[in-house]
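Peer 1: Can you keep this structure in mind? I'll have questions shortly.
The values are calculated or read from the model by the stated rules, or taken from the named source; none is laboratory data. In this text, all values refer to a predicted model and were calculated from it rather than measured experimentally. Methodologically, a virtual Cβ is constructed for each residue, glycine included, from the backbone with ideal geometry; neighbour enumeration extends over all protein chains shown.
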Amino acid sequence: MPVFDFNNTPQESKDPECTYEIFYSSEPQASAEHPILILDNSAGKLTHHSGGVFTNPVRRTAFEFKTEEGTVTADILKIDARFVNLLKWLGDNRINVRLSGVAGSDGYAVYKIRETAFGGGAKLSAEDGFLQFMIERLQSSDAPSEEIPDDDEDETGDSMKLTSIQSITDFMTCAGRTLPDNIRLWARRNLAVARSHEVSAEERRHAQRALSIMMNIQWKSNYFPSIDPDEARRILDEELYGMESVKQRIIETIIQINRTHTLPAYGLLLIGPAGTGKSQIAYAVARILKLPWTTLDMSSINDPEQLTGSSRIYANAKPGIIMDAFSMAGESNLVFIINELDKAASGKGNGNPADVLLTLLDNLGFTDNYIECMIPTVGVYPIATANEKDQISAPLMSRFAVIEIPDYTPEEKKVIFSRYALPKVLKRIGVKEEECTLTPDGLEAVIDLHRNTSGIRDLEQAAEHLAANALYQIEVNHVKSVAFDAGMVEALLS
């Protein structure tokens, strides 16, 4: 069967001599020490910046560029496995590029590839920056499995954000093998629907929208680097005063990562009175894990479809909140902060939202009705908060390591109010600390007035009230400072 060269001239098919060697790397950034590819520079013609085109590396394995002596061809000696399909695609489409590299004894090590629009050459996409987007996605992915791709398994399927059919097709061509197998196959099927003229325009639109959502998520591996326990403790101390046993229990739970390099089998369930810092703890854990986070407020979710999305058979179909969270994060590894888990069983006739949570928490994969594809959840770490333990079903409880958050003691509340709550408010409104102070009995009065309230939210409101009153007296009554004693506190806050 004849094949065609880039000038569309028929040639006889023959197996080319492959000049390059594939190496496997997961380096997140390219450099002279960790290049994208290495070119033969025995002729010494490649300089720091060289402009030209790749020829199809499967057949000709070369980079063509012009010098004063004419066109020079440099064979590709080595290619990072993640970039093989990208270079083939650049060659197939005769895309003009500019290479940045370093000449060494082993050849010319290329660490940057930029698209250049000169000489009437083709462009990768309707939007500038698409090549850089592609390279960044490939560099942030893991090395593919050490297999030779099937030539007849062609993964071909216009903007920098993958929204158009053309840009999604190009992404599948260059980076399809960095996707999980089931998502790659799903994408190829949906590309066929999006291109088909045998389905309705609405079906094509839904397929394209689903593809755009899925292709813009970076599907990461379930490998997690070790955490530094000292850094973890510092972050928890920033967010939470006292509660030493709680902090210890949290670090004990997540430090398992240091041995397994996977997330713990159980998420965290933080149970305690309102205002005791449960949400702050959840955000702190996300910082420790270095993961993006999203929140699910179960008190406002009363229909499972809010979580699972609606079927594409409806004109106004859309993904659910869980799928939206992956899309907003832009990656598959993230912390789900599930607020008010004790409200999760309050479905109103269409099913129970708690049942949907079970599929997310089991780490076996989650399926959105709109996307119609199993989403891997091995990189999801759930952290739930609740006020009432007895309102949570046993199946949900069994998916978490339960940590009960006690209320603050009066002494802890004194420290939190004087060292954190009041100074924070004063700084925000521009009042100096010496301009608004409390006498010892004034501080005792603040704590005594809130002895029957849980948490510190009411104390924070008290700090707002005192600081505002001090500022009023300074600006209107022209006093230099205000020192609140017990009588002044009781008169203002009672």
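Peer 1: Residue 366 - would you say it is within 27 Å of the chain's Cα centre (by Cα) and closer than 14 Å to residue 268 by Cβ?
Peer 2: No, not satisfied.
Peer 1: Still on this structure, please answer the following. Do the conditions hold for residue 363, that is, is it on the phi > 0 side of the Ramachandran plot, surrounded by fewer than 21 Cβ atoms within 10 Å (Cβ to Cβ) and not in a strand (DSSP E or B)?
Peer 2: Spelling it out, residue 363 is indeed on the phi > 0 side of the Ramachandran plot, surrounded by fewer than 21 Cβ atoms within 10 Å (Cβ to Cβ) and not in a strand (DSSP E or B).
Residues are listed down the side, and each one gets a yes or a no for (1) modelled with pLDDT under 90; (2) of a type outside the set (Ser, Thr, Tyr); (3) farther than 27 Å from residue 281 by Cα; (4) in contact with a Phe, Trp or Tyr (Cβ under 8 Å, 6 or more places away or on another chain):
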residue: 421; (1), (2), (3), (4): yes, yes, no, no
residue: 424; (1), (2), (3), (4): yes, yes, no, no
residue: 452; (1), (2), (3), (4): yes, yes, no, no
residue: 458; (1), (2), (3), (4): yes, yes, no, no
residue: 461; (1), (2), (3), (4): yes, yes, no, no
residue: 475; (1), (2), (3), (4): no, yes, yes, no
residue: 487; (1), (2), (3), (4): yes, yes, yes, no
residue: 493; (1), (2), (3), (4): yes, yes, yes, no
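Peer 1: Taking into account only those residues within the stretch 305-326 that are hydroxyl-bearing (Ser, Thr, Tyr) and more than 22 Å from the chain's Cα centre (by Cα), which is surrounded by the most Cβ atoms within 10 Å (Cβ to Cβ)?
Peer 2: It comes out as 310.
Peer 1: Is it fair to say residue 274 is surrounded by fewer than 16 Cβ atoms within 10 Å (Cβ to Cβ), more than 23 Å from residue 424 (Cα to Cα) and modelled with pLDDT under 90?
Peer 2: Answer is no for this residue.
Peer 1: Moving on. Are there any helices (runs of 4 or more DSSP H) wholly within the stretch 161-233 with 3 or more residues that are farther than 23 Å from residue 95 by Cβ, and if so which?
Peer 2: Qualifying helices (runs of 4 or more DSSP H): 181-195, 201-215.
Peer 1: Moving to a separate point now. Which of the residues that make up the stretch 445-465 are in contact with a helix residue (DSSP H, G or I) (Cβ under 7 Å, 6 or more places away or on another chain) and within 23 Å of residue 481 (Cβ to Cβ)?
Peer 2: 445, 446, 447, 449, 459, 460, 462, 463, 464, 465
Peer 1: Among the residues of the stretch 286-304, is there at least one that is part of a loop (DSSP other than H, G, I, E, B), buried (at least 17 other Cβ atoms within 10 Å of the Cβ) and touching a His at 6+ places or on another chain (Cβ under 8 Å)?
Peer 2: There is no residue in the stretch 286-304 that is part of a loop (DSSP other than H, G, I, E, B), buried (at least 17 other Cβ atoms within 10 Å of the Cβ) and touching a His at 6+ places or on another chain (Cβ under 8 Å).
Peer 1: A follow-up question, please. Does residue 256 satisfy the criteria of being outside the structural domain of residue 270 (by TED's automatic domain parsing) and within 30 Å of residue 367 (Cβ to Cβ)?
Peer 2: no
Peer 1: Now, a different point. Just one of the numbered conditions (1) under 25 Å from residue 62 (Cβ atoms); (2) among the hydrophobic types (A, V, I, L, M, F, W, C); (3) at pLDDT below 80 is not true of residue 110; which one?
Peer 2: Residue 110 satisfies all of (1) under 25 Å from residue 62 (Cβ atoms); (2) among the hydrophobic types (A, V, I, L, M, F, W, C); (3) at pLDDT below 80 except (3).
Peer 1: In the stretch 440-472, what residues are among the polar types (S, T, N, Q), surrounded by fewer than 16 Cβ atoms within 10 Å (Cβ to Cβ) and assigned to a helix (DSSP H, G or I)?
Peer 2: 461
Peer 1: Filter the stretch 131-175 down to the residues that are within 19 Å of residue 34 (Cα to Cα) and among the acidic types (Asp, Glu), then identify the one that is modelled with the highest pLDDT.
Peer 2: 136
Peer 1: Kindly list, by first and then second residue, each pair from a residue in the stretch 37-53 that is surrounded by fewer than 19 Cβ atoms within 10 Å (Cβ to Cβ) and modelled with pLDDT of 80 or more to a residue that is among the polar types (S, T, N, Q) and in a loop (DSSP other than H, G, I, E, B), limited to pairs with Cβ atoms under 8 Å and residues at least 6 apart or on different chains.
Peer 2: Listed by first residue and then by second, the contacts come to 51/116.
Peer 1: Can you pull out every residue in the stretch 406-438 that is within 16 Å of residue 454 (Cβ to Cβ) and either polar (S, T, N, Q) or assigned to a loop (DSSP other than H, G, I, E, B) (or both)?
Peer 2: Passing the criteria: 406, 407, 408, 409.
Peer 1: Any idea which of (1) within 22 Å of residue 281 (Cβ to Cβ); (2) in a helix (DSSP H, G or I); (3) under 19 Å from the mean Cα position of the chain (by Cα) is the one residue 381 doesn't satisfy?
Peer 2: (2)
Peer 1: Also: What tally of residues in the stretch 166-183 results from selecting those that are surrounded by fewer than 18 Cβ atoms within 10 Å (Cβ to Cβ) and within 21 Å of residue 323 (Cβ to Cβ)?
Peer 2: 3
Peer 1: Does residue 247 fit the bill of being in contact with an Asp or Glu (Cβ under 8 Å, 6 or more places away or on another chain), at negative phi and outside any loop (DSSP other than H, G, I, E, B)?
Peer 2: Spelling it out, residue 247 is indeed in contact with an Asp or Glu (Cβ under 8 Å, 6 or more places away or on another chain), at negative phi and outside any loop (DSSP other than H, G, I, E, B).
Peer 1: Would the stretch 373-394 turn up any residue that is modelled with pLDDT under 90, surrounded by fewer than 20 Cβ atoms within 10 Å (Cβ to Cβ), touching a Pro at 6+ places or on another chain (Cβ under 9 Å) and not polar (S, T, N, Q)?
Peer 2: No; the residues of the stretch 373-394 include none that is modelled with pLDDT under 90, surrounded by fewer than 20 Cβ atoms within 10 Å (Cβ to Cβ), touching a Pro at 6+ places or on another chain (Cβ under 9 Å) and not polar (S, T, N, Q).
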